[in-house]
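A.B. asks: I'd like to ask some things about the structure below.
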Amino acid sequence: MNQDSPSEEVLLARIDRKRLPRHIAIVMDGNGRWAKRRGLPRQVGHRAGVNTVREIVRASGELGLETLTLFAFSTENWKRPQWEVNALMRLLVQTVRSEVKEINRSNVRITVSGRWDELPDATREAIGYAIEQTAGNSGLRLNLALNYGGRRELIEAAQRISRDVLDGKFPPEAIDENLFEKYLQTAGLLDPDLFIRTSGEMRISNFLLYQLAYTEIVVSPVYWPDFSRQHFYEAILDYQLRERRFGLTGDQVRHSS
Ligand code: IPE
Ligand code: IPE
Ligand code: MG
């Protein structure tokens, strides 16, 4: 943030509460480069990133968002050096254990998209505990994308649907968007309205390939550990300036609203 940018309070006051995105999905990127720039090991960047997670979850809850999906570990991230994968898995355990109390106090419900059944035992247990402890909460839904990959999600949906067709549960003609979405790892969630990626990378990296069809995209140049409430509010304000056309003409959209 440079000296001249509006303060957090000013940005917050500019947000139109009646037109909030209902679901924001974030690719939290740039932890490694943040650390490297300081001559520190990559895992220090991941640790610093946890502070950003805490702030953005708080901000989302205070705004009254329905869902915040955070991409925490991709199906491709297993290919990183083993020490980094281990560090990330340990960090997940520590973070969940230290944060679950506040998360519960804030009425936040934790859910997961992704094959978290394949995570190492300690991580899987910590995540299972967090899901269970927060299951009754009715505020923000904090959806963690863990061991998530969009292609794998779609392929597994195709496998399960085929199995159900072969079992005679429904004919192939019954497969429509409504049915298909029930087989995705985001079943029951609205599609994201706003997709934020930090660290300036202009790519999706196998995140929510189906669900992002009409999501508004904001790329922030800032590395995730430096991403603040100001940046988050700016992304929402940017979203509120967009005209979402869903294939219609601008005139059609303006006349219907
Ligand atoms: C995002 O930061 C965190 C995860 C992918 C788990 P990175 O670790 O990708 O950071 P960069 O992209 O190397 O800077
Ligand atoms: C995407 O970031 C995955 C997460 C943020 C968890 P990556 O850093 O893995 O993506 P690429 O490799 O730069 O595309
Ligand atoms: Mg990265």
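The values are calculated or read from the model by the stated rules, or taken from the named source; none is laboratory data. Since the model is a prediction, treat every value here as computed from it, not as a measurement. No Cβ is skipped: glycine too gets one built from the backbone with ideal geometry, and neighbour counts run over all protein chains shown. For accessibility, only protein heavy atoms count, side chains too; no ligands or nucleic acids. Shrake-Rupley method; radii C 1.70, N 1.55, O 1.52, S 1.80 Å.
A.B. asks: Checking E216 against (1) touching a Lys or Arg at 6+ places or on another chain (Cβ under 7 Å); (2) on the phi > 0 side of the Ramachandran plot, which single condition isn't satisfied?
C.D. replies: (2)
A.B. asks: Next question, about the same structure. Looking only at region 172-219, which residues are within 26 Å of Q159 (Cβ to Cβ) and aliphatic (A, V, I, L, M)?
C.D. replies: Selection gives A174, I175, L179, L184, A187, L189, L190, I204, L208, L209, L212, A213.
A.B. asks: Just give me the residues in region 211-243 being among the aromatic types (F, W, Y) and open to solvent by 30 Å² or more (accessible area, probe 1.4 Å), in sequence order. Break it down into steps so the answer makes sense when it comes.
C.D. replies: Of the residues in region 211-243, the ones among the aromatic types (F, W, Y) are 214, 223-224, 227, 232-233, 239.
If the condition is that a residue be among the aromatic types (F, W, Y) and open to solvent by 30 Å² or more (accessible area, probe 1.4 Å), then Y214, Y223 are the ones that fit.
A.B. asks: Could you say whether any residue in region 9-23 is within 16 Å of ligand 3 (Cβ to nearest atom), open to solvent by less than 80 Å² (accessible area, probe 1.4 Å) and β-branched (V, I, T)? Working first, answer last.
C.D. replies: In the first step, residues of region 9-23 are kept if they are within 16 Å of ligand 3 (Cβ to nearest atom); the result is none.
Scanning region 9-23, I find no residue that is within 16 Å of ligand 3 (Cβ to nearest atom), open to solvent by less than 80 Å² (accessible area, probe 1.4 Å) and β-branched (V, I, T), so the answer is no.
A.B. asks: Do you know which residues across region 13-56 are closer than 20 Å to R90 by Cβ and away from ligand 1 (no atom under 16 Å from the Cβ)?
C.D. replies: Hits for region 13-56: nothing passes.
A.B. asks: A follow-up question, please. So which residues in region 13-44 are farther than 19 Å from L146 by Cα and among the hydrophobic types (A, V, I, L, M, F, W, C), if there are any at all?
C.D. replies: The answer is A13, I15, L20, W34, A35, L40, V44.
A.B. asks: Follow-up question, since we're still on this one. If you check R90 against the conditions, is it within 16 Å of ligand 1 (Cβ to nearest atom), surrounded by fewer than 19 Cβ atoms within 10 Å (Cβ to Cβ) and not in a strand (DSSP E or B)?
C.D. replies: Details: within 16 Å of ligand 1 (Cβ to nearest atom): yes; surrounded by fewer than 19 Cβ atoms within 10 Å (Cβ to Cβ): yes; not in a strand (DSSP E or B): yes.
Answer is yes for this residue.
A.B. asks: Take the residues of region 151-169 that are of a type in the set (G, A, S) and outside any loop (DSSP other than H, G, I, E, B): which is farthest from the chain's Cα centre (by Cα)? Spell out how you get there, then give the answer.
C.D. replies: We begin by selecting, within region 151-169, every residue of a type in the set (G, A, S); these are 157-158, 162, 168.
Remaining after also requiring outside any loop (DSSP other than H, G, I, E, B): 157-158, 162.
On the way: A157: 20, A158: 23, S162: 28 Å.
Here the residue is S162.
A.B. asks: For region 190-210, which positions are more than 12 Å from ligand 1 (Cβ to nearest atom), open to solvent by less than 10 Å² (accessible area, probe 1.4 Å) and either among the polar types (S, T, N, Q) or part of a loop (DSSP other than H, G, I, E, B) (or both)?
C.D. replies: P192, L208
A.B. asks: Only one of A72, A48, A25 is over 25 Å from A187 (Cα atoms) and among the aliphatic types (A, V, I, L, M); which?
C.D. replies: On the way: A72 fails: over 25 Å from A187 (Cα atoms); A25 fails: over 25 Å from A187 (Cα atoms).
Result: A48 is the single residue among A72, A48, A25 that is over 25 Å from A187 (Cα atoms) and among the aliphatic types (A, V, I, L, M).
A.B. asks: Out of region 49-78, which residues are open to solvent by 20 Å² or more (accessible area, probe 1.4 Å) and either part of a loop (DSSP other than H, G, I, E, B) or away from ligand 2 (no atom under 15 Å from the Cβ) (or both)?
C.D. replies: Across region 49-78, the qualifying residues are N51, R54, E55, R58, G61, E62, G64, E66, T75, E76.
A.B. asks: Now for a different question. Go through the residues of region 166-184 one by one and say whether even a single one is at pLDDT 95 or above and either within 16 Å of ligand 3 (Cβ to nearest atom) or crowded, with 21+ Cβ neighbours inside 10 Å (or both). Let's see the steps before the verdict.
C.D. replies: Just the residues of region 166-184 that are at pLDDT 95 or above, to begin with: 166-184.
Filter once more, so that each one left must be either within 16 Å of ligand 3 (Cβ to nearest atom) or crowded, with 21+ Cβ neighbours inside 10 Å (or both): none.
No, that holds for no residue.
A.B. asks: Mind checking whether some residue in region 112-128 is of a type in the set (F, W, Y) and out of contact with any Leu (no Cβ under 8 Å at 6 or more places or on another chain)? Spell out the reasoning first.
C.D. replies: From region 112-128, those of a type in the set (F, W, Y) are 116; that's our starting set.
Next, from what is left, pick out any that are out of contact with any Leu (no Cβ under 8 Å at 6 or more places or on another chain): none.
For region 112-128, residues of a type in the set (F, W, Y) and out of contact with any Leu (no Cβ under 8 Å at 6 or more places or on another chain): absent.
A.B. asks: Criterion first (in a helix (DSSP H, G or I), free of Cβ contacts under 8 Å to residues at least 60 places away in the same chain and away from ligand 1 (no atom under 16 Å from the Cβ)) does V218 satisfy it?
C.D. replies: On the way: in a helix (DSSP H, G or I): no; free of Cβ contacts under 8 Å to residues at least 60 places away in the same chain: yes; away from ligand 1 (no atom under 16 Å from the Cβ): yes.
For V218, the condition - in a helix (DSSP H, G or I), free of Cβ contacts under 8 Å to residues at least 60 places away in the same chain and away from ligand 1 (no atom under 16 Å from the Cβ) - is not met.
A.B. asks: Next question, about the same structure. If we scan region 29-48, do we find a residue that is surrounded by 20 or more Cβ atoms within 10 Å (Cβ to Cβ), at positive phi and within 13 Å of ligand 2 (Cβ to nearest atom)?
C.D. replies: Start the filter on region 29-48 by keeping residues that are surrounded by 20 or more Cβ atoms within 10 Å (Cβ to Cβ), which leaves 29-32, 34-35, 45-46.
Add one more test, that the residue is at positive phi, and what stays is 30.
The next check asks that each one be within 13 Å of ligand 2 (Cβ to nearest atom); those that pass are 30.
Within region 29-48, one or more residues are surrounded by 20 or more Cβ atoms within 10 Å (Cβ to Cβ), at positive phi and within 13 Å of ligand 2 (Cβ to nearest atom).
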